[in-house]
Amino acid sequence: MANIRQIYDWRAPTRIGVSYDKLLAAIGTNEFGATVRDSVLSMTAGARRVYLFEATSRESTTLQYSFCEPEVADLFPTYTRWYQRHDPIGDAFDATPHHSDVALQRVQPSDIATPSFRRTFFDDAGIVERISVIQRGQDAWRGINIARHASDGPFSDVEIGSLIGLACLVLPMLPLNRRSKAAARVLTLAEVEQRFGDRCARLTQRERQVCARAASGMSVEATAVDLCIAKTSVLTYRQRAYQRLGVTSPFGLCALVTQ
């Protein structure tokens, strides 16, 4: 059975200063996961795999970042379908039932009860140990998995202490990273049209289309070409929408769908 222990005291690694600044700067960007990976590598003798995830149950996990062999990434659907429910990580969820609980789990291949799971994700790849630090958030668990190859050997106690400290700094950032990335995503025109429809059910389809293009910065002329209508029609639809939405400019339209 995998070893699990509660974490009550932890210390930030002495070398975390620069890495922590980089982590803060990377929140909400595509570089966040890679920055965590680089921090892991800087304080250990090596890591073959690094995963960042959030979970609402044993079988409902959202992966935020993965660093692993390409052939392992190809097996993610297989893991989700067949092996996730057998993964000992679920025991770490059970060990952290309350908000702010933190636990460390150390998994060796012999701890995997399902032979095909062990062979596919541990033995064939030469993985000798996987550690997980799990933190219970307000409505979900947050976690980091780090796996070690046989060529690097198991994690030392010093490395474990450093990784616990890193994890306790990183894991609270995961929800903020997720929300920031979602907020930064560029909406499609169809999504903007839908937002206008949600704002005002009285808008016609054409009015929603015109508003979406105006809010996205498209000129009257470009909107007319895109929708295959006359410029005067664009102006008419826009003016009607202004009255119904209580705005007077494209900037006002933009504010309505970005709040």
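Just a few scattered comments:
- Solvent exposure of segment 1-59 as accessible area per residue, Å², 1.4 Å probe: 59
- Shown for the chain are the DSSP H helices of 18 Å or more along their axis, judged by Cα atoms, with a mean Kyte-Doolittle hydropathy of at least 0.0: 157-170.
- Alpha carbon centroid spacing (whole Å) that separates segment 137-194 from segment 1-63: 6
- Among the listed values [x] 19.5; [y] 21.2; [z] 22.6, the one matching Kirkwood radius over Cα pairs in Å as calculated from this structure is [y].
- Whole-percent carbon and sulfur share, accessible surface of the chain, 1.4 Å: 51
- The mean sequence distance of close C-alpha pairs (under 8 Å, at least 6 residues apart), as a share of the length of the chain, puts its relative contact order at 20 percent.
- Computed over the alpha-carbon atoms, segment 88-202 gives an Rg to Rh ratio of 1.17, Rh here being the Kirkwood radius from the mean inverse distance.
- Surface accessible to a 1.4 Å probe, per residue, for the residues of segment 110-259, Å²: 49
- Cα principal axis extents for segment 22-117, largest first, Å: 39, 36, 25
- Annotation note: trypsin sites (Lys or Arg not before Pro) in segment 1-90 located in DSSP loop regions with a Cβ neighbour count of at most 13 within 10 Å are Arg11, Arg15.
- Placing +1 on the Cβ of every Lys and Arg and -1 on the Cβ of every Asp and Glu, with nothing else charged, gives segment 1-53 a dipole about its Cα centre of roughly 220 debye.
The values are calculated or read from the model by the stated rules, or taken from the named source; none is laboratory data. These figures come from a predicted structure and were not determined experimentally. Reconstructed Cβ throughout: ideal geometry from the backbone, glycine too, with neighbour counts over all protein chains shown. The protein model used for the area step is the full one, side chains on, heavy atoms only, and it has no ligands, DNA or RNA in it. Shrake-Rupley method; radii C 1.70, N 1.55, O 1.52, S 1.80 Å.
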